[in-house]
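Worksheet: one structure, shown below.
The values are calculated or read from the model by the stated rules, or taken from the named source; none is laboratory data. Everything quoted here is computed from the prediction, not taken from an experiment. Cβ sites come from the backbone with ideal geometry, for glycine too, and all protein chains shown count toward neighbours.
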Amino acid sequence: MDAATAVKVVQSNSRVFLHSVAANPRHLVDALAQRVRNGEDLRNVEFCHLHLEGPLAYADPALADHFRGLNFFVGSNQVGARGDGRPAQPASRR
């Protein structure tokens, strides 16, 4: 099964747990972001995670209406996820 097929189960208003650091399934997160870029109306998907390394497709400010992170650690790869240069809101401040 490819990533695009695997993420079809994720719907709007879903909460998705992402494993941290090197175990992050980046290809699945990329596939979710691609669904939105392809015009699907996928909104309010929340990613819960500790710490993620590398580029985060969901943190693109253009996708802010679609994805958000409930993160327990904010790394430099999440700066700008709100579109205003500030990091996505850590869970401790919600």
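Results, tabulated for the structure shown:
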| item | result |
| --- | --- |
| Failed criterion for G39 (all others in (1) loosely packed, with under 15 Cβ neighbours inside 10 Å; (2) touching a strand residue (DSSP E or B) at 6+ places or on another chain (Cβ under 9 Å); (3) assigned to a loop (DSSP other than H, G, I, E, B); (4) modelled with pLDDT of 80 or more hold) | (2) |
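Residue-wise test of (1) in contact with a helix residue (DSSP H, G or I) (Cβ under 9 Å, 6 or more places away or on another chain); (2) part of a loop (DSSP other than H, G, I, E, B); (3) surrounded by fewer than 16 Cβ atoms within 10 Å (Cβ to Cβ); (4) of a type outside the set (G, A, S).
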site	(1), (2), (3), (4)
N13	no, yes, yes, yes
H19	no, yes, yes, yes
A31	yes, no, no, no
R35	yes, no, no, yes
